[in-house]
Each structure stands twice: as C-alpha cells, then as structure tokens.
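Input: a single structure, listed below in structure tokens.
Please treat every number below as a calculation from the coordinates, not as lab data. Fair warning: this is a prediction, and the values are worked out from it, not measured in the lab. Cβ sites come from the backbone with ideal geometry, for glycine too, and all protein chains shown count toward neighbours.
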Amino acid sequence: MDWAALSLSLQLGLATLIVLLPISVALGRTLAVHRFVGKGVLESLVALPLVLPPTVLGFYLLLAFGARSPLGQLFGSVTGHSLAFSFEGLVLASIFVNLPFAVQPVQRAFESIPTDVREAAACCGMTPWRALVAIEFPLAWPGVVTAAILTFAHTLGEFGVVLMVGGNIPAETRTLSIAIYDRMQAFDDRAAGVMAATLLALALATLVATNVLSRRVGRRDV
Amino acid sequence: MSRDAGLSVEIAQDEPIPLHVAFTTGPSEVLAIFGPSGSGKTTILRTIAGLYRPAHASVRSGAETWTDTVTGTFAPPHRRAVGFVFQEYALFPHLTAAGNVITALGHHPRAERRTRAEALLNLVHLSVQMTRRPHQLSGGERQRVALARALAREPAVLLLDEPFAAVDRTVRRRLQDEIDELRRALDIPLILVTHDFADVVRLATNVLMLERGRSVACGSVTTLMSRPDLSWLREAVGLGTVFDASVTRTYPDRGLVELTFDGGTLLAADRDVAMGTTVRVRIPAREVILATREPEGLSLHNVLSGTVSAIHADPAFDHVIVQIAVGRVLLLAEVTRDAIGRLGMAVGMPVYALIKSVSIDLLTVQARDATKAR
Amino acid sequence: MTLVRLIGLVAVLLCAAEPVRAQKAPLVAAAADLRFALESIAQRFTGESGERVELVFGSSGTLTRQIIDGAPFELFLSADEAFAETLASAGLTRDGGALYAVGRIVIFAPHRSPLKVDARLEGLRSLLARGGVTRFAIANPEHAPYGRAAEAALRATGLWESVKPSLVLGENIAQAAQFATTGNAVGGVLAYSLVLAPPLSERGTYALIPDSLHPPLRQRMVLLKRANETAQRFYRYLQQPAAREILRTYGFVVPQG
C-alpha cells in the first residue's frame, strides 16, 4: 500500500471539495431558481465533463495551463514551479472534471423545492438571504451532501486526466489510481491488488452513503 | 399606525397574457376575483403581493406605494405587508405548524414569537396540531395553518388563491365559515380568487368578474346579482338575487324564520338561525313566480309587491329575465317569453313576486350582532 | 458518519505523508526499460552517498512531452538519442547529455504460449503461417524507442505486414511486457533489460534478437536546467564502473571509458 498515494488521493478529494462546493452550490441554485438567456448553454457546459473522454479534457487542460501556456508561465514566474504536473494543477483539473458531479445534485435539490414555498417565504417577510438560510438550505442540504460525496469519490477514481495533467510524480501527483497503474508496470501485482481493493471499498461506501441520503430527500419532500 | 383606505390596483399588460384591470378595495371588504382559468386572476394576486411585475402597473396600500411602473418603484414581497394564502398552502415542510407561523413573526422580539404563534393558531382552531408537521395534517388543517401564517404578518391585505379548490364540500363549508368569521374580526380587505361562483355568493361583498383579462363586471355582489343581463353568468351558475337580511322572528315549531330586508319581509324555511343575526340570502331567478294580481289560496308564504324595473330578452335564450324593484332590492325572475306576452308585462308595471319559503337559500350567517356594519 | 470518519482518516494520513513530501529528492524521468536496472543503481547510490532520487518510469516520448509541458524532472534517461536531443534543442537541458547504455530487444513468450522463441523469429513466422497468433505485444513505435526497434526487426525479417493486424501496442515497453505476460498475447518483442528481471524471467522464455536487425538502441541521458546537486551527482554516478556493472547485468551494452 502506497500510503503517500492514498494520502495524496484523499488530499486531492478534500481540496477539490473545499474549492468546488461553494461554487457548485451557488451555480446549482442559480440554475434551479432563475431563468435567463443562455441557461441551457450553461447547463450543457456543466454537464460536458460527463461525456467528454478524459483525454480530451486532459488535452485542453494541458493547453490551458501547461508550461507553454500564458497561464502556466505566469504561475511559474510567481511560484517557481510549473502548474501542470503539480498538486495545484491537479486540483485545478479536478475542479473542471467534477463540475457535473458537484452541480447537478445541488441543482436537483433546489429544484425540488416548490416555487410557491419560496414565494411564501418572501410573503412571510423573510429577506432573500434569510429565506435561503431558514427555508431553502434545510430542505436542500441532502443534495449538497450528495454532491460532496460524489465529487470526493469521483476524484479518488480519476485516472486519465490525472495522468495527462499530473504525470506520475510521487507525493505530488501520483494518486492511488496512478499508483495502481505504476505498480502493475512494475509487475508488483500484490501492491496493485491491495490498492485496487481499497478504492473499490471506498467506491462502495460512497454508493451506500448516497443511497441513504437520497431516501432522506424523498422523505422530506412532503 | 392607522391603516388608510385599503388597496388600489391598476394593471395593464398584453404579454404573456392580456390583463387590464383597475379596482380599489377597502377595510373589511371581501373582494372576489372571479373568472375561468387563464383569465388572469392569480396574476392579479401575485402583482399585489409583489411576486410578479407587469409591464404597467400600480399597487398602492394606504399611503404606501408598492408598485409603480411609472416612477419605477417596486417593493419586493418581503417588504410588503401582505398575507398570502397559496392555492397549495406552500407550508414549509421541515417546520411544525407553530414553526411555520413563527417565520412570519420576524418583526416581533424573539421571546414573544412562540406565544403569538400559539394565539394565532388558536384563532383558527388549531391548538392541538401546533407541533405537527405539514405532512401530518389534513388539507383543511393545512389551510388554516397557512391562514394563521398569513395573518401573523399583520398584513394590510389578505390574499387567498383558490382557497377551497383542494378541499371537499364539507370541509369547504367549514372553511368558508371560518374565513367569514375572520373577515368580521379583521379590518383589512380580503381578496379572494376563485373560479367557483358559490364562493363568491357565500363570502364576497364585492366581485370583479374577469374574462380573458378584462373586467366584464365589477361592483357589489348584491348589485351585480340583480343585473338581468349577465348572460354568461346565467349560463355558468344561473341567475339569482343576493342580498342581506336580518332575522326578526323565529317560529321554531313551524320551522320558519322571518327575515326583514330593505323592501319587506320574507319567510324562509330554517331552524338554526338565531334572532337578530344578519343573513345573506339568495333567491334563484327560476324560483320566482310573477302575478299581475295578488293571489289567494296558495301554499307559498311570500308575496312581495313591486314594480317591473327592467325586462331583458336575450335572443340566445328562450326565457326572459324580469327585474322587479321591491323596496331597495332588485329581484330577478326568469319567465317564458310566452308569459311575458300573456301578462302584457312592461317596464313600470306593478307586479307581485311569489317565492316559496323553501326556495330561499340562507348563505352566510353572522354569529354576532351586526355592530360592525360598514 | 462516513464523512466524519473519512475526515479523521485524512488527518491521520496527512501526517503520514509529510515526511515523504518534505524531502527534496530530485525527480528522475527514465524510460520504462530501465525499471529494474535503475532501481538497483539508485539503491546503491543511496547506500553509498546517503542521498535519494525519485524515479518515474514511462515511455521516452511521453516523458519528453511532459518535460516540455513543465514537468519538474531534473534528469531524464531516454531510451534513445532523438528525444534527448529534442529537449536539448528546446533549450531545456544543461548540455547535450551523455550516452549511458545501448539496449537490446528480445522475443518473449509466456510459458503456456504456442509461440516458440528464437533469434531469427522463425517460431513467430511459422505460428503466423498457421494463423495461431491472436495477439502480439510491442511498445508503440510512435513514441517508444523499443517499439521502433521492434518494428524495424519485424520489417527486416519480413514479418511486419503479417503480424500487424494482431499487434497490441503498449504505451511504453513496460506496458507491452504486461500485455505479453498476462496470457492475452502469444508473446511480444520486449526489452532485454526487463525480461532479465525475476518478475518476468520466471514467467516465460525469450531469445535475444540480433542487433543487426534494427538501428542501435543508443540511450542518452540529459540533465535538465533545474537539476540540483544530487541530480548532478547521480548523473555522474551512472557513468561510473559500479553503475555500469549493474547495467551490464541487465543486458545493456555500456560505453567504454
């Protein structure tokens, strides 16, 4: 078991969550509640990573912040190391890749709040902020937690994009899934097996958790 | 903080649905907005509440301007003193009945909110159900929570969107009584949207009738119900005069009560009304028989003397509507063309209106004395 | 509940990861054929000097690409000279580097395979003629020098066209070895340095392919501009007798001097 790789995977998941969750809650709610020009386009863009092959995502991400890109060079001059093939680069890539997992459950949760309930909150004298905190969030939080769990689990399992954008650098970008690949090429099937089983267990735990939560959402919806 | 003369509303728009109305309403009035679905009734309520912004509109409550598209003024709903009872009640599912009411008590200090919520729920007879969640309540109970919550805001106007659409007949009658009771206790206008004319007849003092976004009739219920020419109303609900009368005598052994109105007395068949109360009365036009001479030896109790004030013959219908002035009340009678010819009926003619005591519908009954008369 | 436990686990592992990250062991990119040989050399280097290097293996082409895109390697051991030269001309290296070894290819068959291995690839020829080649593994000639060599050898023996439809291409020579040993392929053309190591040597048989059948696998290494002291020392170490001896045991031909 490559503990550094496991730790890295968990750190990546957590970092992605911390950055992405506030964005996805705001975005998810906006898509759920408001109607505006270009909403359909935005929803499609959010869903795009679901259907794009990881190599396509990896290609464009490398183009966007590899060492030859303006962004990559800016980052390099400020920090002294490259954005691609670094943990920070992975987090950035992870944010894009996980957008649909973080936004869609949140959007569904806010959509399931009937419009008249929202309007009633306003008619009860609650400011939009108070209505959000006292009425909407208590009703939508299972969706937010689902989004968090899915994002975390999906990040743990990411391979293609991580390999292209991060390479296989130990303790920097060698996540657990990359480590499995590496161990197989070293003909170390035993280590690969242990790590694969770990990821499998984590994936199962995720599914169970999401299942339990979605039943909770159902019960609240009366 | 006194409330000035109620609400004044003006709306003009062509998109997305045409809507052109203008009306005012005052304290203790119940204005029913009546019309078929799609006529724009709910849009009017939403405009008053601030949930909708038409292209051109003005909504004023007392001295406050809530909406004015000319000056660009628009107060969002949470800054308007409106109480809104939504068609599906829109209760907050994660809060108890008391919790729901408390959300509208934000303008009171935290320590007082619970007791105030309890008082409001008592007012709508829901003290037992205070700690239940909406999904544990029946339809009628949910509506009462919604009412209590709307009233908690101490609104300047109470808006009800199809309040009886989701409940069955027995519950409906009880709810109507409750709302009527409430109306008497409050001194704010109540605006109620409905597509069921029975609601209008039972509860409203004034009615605004909408068809495809335009007002086809607006005024007090009594006056409108005395109009002989509202053919579409005739088709929809049937014509019948509506007016208020007070109970001056009761004959429990005979099963009759004597009602006195502004034009005479009537004997109606009823056992339950108490002396001195005010009743809303409806006499279907079809139940009124006309006579040119005072008849004798008939079973019916009511023979009213009046003058023909109008005759309305609609080519679409076989029968003719005759309007008879009996004192200050304008009675409607539906008779055949043939009868008109035979009796030589003409405007200005003295005539007798014959009404069976069982034909008189007693609608809302005031529980107390009419000391709060307008 | 799961979330709380997860956070707890993360906290523990974060502490476990710290020591690994704290060290500044230079990153060394190496062609996949060097996996076992270089690990052995690095171990010796650490034993003698007390300094560590971090090895990352892949196909030479992919690693070159990564370096151009900013990957923080300090030393690159290519499986050919062309990729090393690419980096030098891009101005990313300190100098033209040094030739550190010449590699060899073998034909390999896992134990229960119908393929018979021999230097002239006659076994492969007859299996192909019988239609018995399901899959045959080589590294991708596009970006793996060992794949290029495999293609050259197959062309030289006139077998390229007939084996092409059954080829399965590994992303690098180690992946090709993976394919060749898992029983899904009848065999493949692999790196001599890989089949000499126990994980592979006990899984099948092999025969050395004459180096006359393909351009020489001259392997060049270069120090990148950012190379630190340790990387430079390792670079020099690789050219010394001890390291060269290890390379020889893994089937490489080492330069004189």
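Please compute, for peptide B:67-78, the average count of beta-carbon atoms on other protein chains lying within 10 Å of each residue's beta-carbon. Don't skip to the answer; put the middle values down first.
Working: counts 0, 0, 0, 0, 0, 0, 0, 0, 0, 3, 9, 10.
The shielding value for this peptide is 2.
Report the label-to-label distance for B:A12 and A:L48 in nanometres (one decimal), using points 7 Å from each Cα along the Cα→Cβ vector.
If labels sit at B:A12 and A:L48, their model points lie 4.7 nm apart.
Using alpha carbons only, what's the Rg to Rh ratio of chain A with Rh from Kirkwood?
Ratio of gyration radius to Kirkwood radius: 1.04.
Nothing charged except the Cβ atoms of Lys and Arg (+1) and of Asp and Glu (-1): what's the magnitude of the dipole of region A:107-222 about its Cα centre? Round to the nearest 20 debye.
340 debye
Mean separation of Cα pairs under 8 Å and 6+ residues apart, divided by the residue count of chain B: what relative contact order is that in percent?
16 percent
Which one of B:H56, B:V21, B:F74 has its Cα pushed farthest toward the positive end of the charge dipole of region B:1-120, where Lys and Arg give +1 and Asp and Glu give -1 at the Cβ?
Value computed over the given set: B:F74.
May I have the pair-distance distribution P(r) for region B:240-369, computed from all Cα-Cα distances with 5 Å bins from 0 and rounded to whole percent?
2, 11, 21, 22, 18, 12, 8, 5, 2, 0
Out of every Cα pair in region A:1-46, what percent are spaced more than 13 Å from each other?
66 percent
In region A:3-220, if the dipole is taken from +1 on Lys/Arg beta carbons and -1 on Asp/Glu beta carbons about the Cα centre, which of A:V133, A:G66, A:A121 is farthest to the positive end?
A:A121
Take every DSSP beta bridge with both residues inside the protein assembly as shown and express the antiparallel ones as a percent of the total, to the nearest 5.
Of those bridges, close to 75 percent are antiparallel.
Mind checking Rg over Rh on chain C, alpha carbons, Kirkwood formula for Rh?
With Rh from the inverse mean 1/r over Cα pairs, Rg/Rh is 1.04.
Quick one: among C:D33, C:D69, C:D80, which has the greatest mean-square fluctuation in a GNM of chain C with alpha-carbon springs under 10 angstrom?
Looking only at C:D33, C:D69, C:D80, the largest GNM fluctuation is found for C:D69.
Scan region B:191-300 for GluC sites (Glu not before Pro) in coil per DSSP, keeping those whose Cβ has at most 14 other Cβ atoms within 10 Å, and list them by number.
Loop-located and lightly packed - B:E296.
Averaged over every viewing direction, what's the projected area of the C-alpha convex hull for region B:202-269? Give it in nm², one decimal, please.
On the way: hull surface 23.0 nm².
Approximately 5.7 nm², given one-decimal rounding.
Give me the distance between the Cα centres of region B:235-258 and region C:166-235, rounded to whole Å.
So the separation of the two Cα centres works out to 105 Å.
Which residue, B:G106, B:G219, B:G40, has the most motion in a Gaussian network model of chain B that connects Cα atoms within less than 10 Å?
Sorting by GNM fluctuation, first place goes to B:G106.
Among B:S8, B:S226, B:A117, flag the residue with its Cα farthest along the positive direction of the charge dipole of chain B, charges on Cβ as +1 for Lys/Arg and -1 for Asp/Glu.
B:A117
Dimensions of region B:7-236 along principal axes (Cα, Å, largest first)?
52, 44, 29
Within the P(r) computed for the protein assembly as shown, what percentage of the Cα pairs occupies the region above 39 Å? Could the numbers behind the result be given before it?
Values: 218612 of 363378 pairs.
Summing the P(r) tail past 39 Å for the protein assembly as shown gives 60 percent.
May I ask you to derive the FRET efficiency for A:A191 and B:V171 from their Cβ-Cβ distance with R0 = 41 Å, giving the value to the nearest 0.05?
E(calc), rounded to 0.05, equals 0.05.
I'd like the distance separating the alpha-carbon centroids of region C:23-58 and region B:27-44, in whole Å.
83 Å
Given +1 on the Cβ of Lys and Arg, -1 on the Cβ of Asp and Glu, and no further charges, what dipole in debye does chain A carry about its Cα centre, rounded to the nearest 20?
Charge dipole of chain A: 480 debye, to the nearest 20.
Going 7 Å from the Cα of B:H135 in the Cα-to-Cβ direction, what parts of region B:96-111 have a backbone nitrogen less than 20 Å from that spot?
From region B:96-111, the list is B:96-101.
As an exercise, identify the trypsin sites (Lys or Arg not before Pro) in region C:18-78 lying in DSSP coil whose Cβ has no more than 16 other Cβ atoms within 10 Å.
On the way: sites: C:R21, C:K24, C:R35, C:R44, C:R52, C:R65; in loops: C:K24, C:R52.
Within region C:18-78, the qualifying trypsin sites (Lys or Arg not before Pro) (loop, at most 16 other Cβ atoms within 10 Å) are C:K24, C:R52.
Give a quick list of GluC sites (Glu not before Pro) in region C:114-209 that DSSP marks as loop, anything other than H, G, I, E or B, with at most 13 other Cβ atoms within 10 Å. Provide the component values of the computation, followed by the final result.
Numbers: sites: C:E122, C:E142, C:E151, C:E161, C:E171, C:E202; in loops: C:E142, C:E171, C:E202.
When the GluC sites (Glu not before Pro) of region C:114-209 are filtered for loop state and at most 13 Cβ neighbours within 10 Å, C:E142, C:E202 remain.
For n ≥ 4 DSSP H runs only, could you compute -39500 (n - 2.57) per run for the protein assembly as shown, divide by its residues and tell me the 222 nm figure to the nearest 500? Intermediate results must be reported in sequence, preceding the final value.
Details: 33 runs with 372 residues, N = 853.
-13500 deg cm²/dmol, from helical runs alone.
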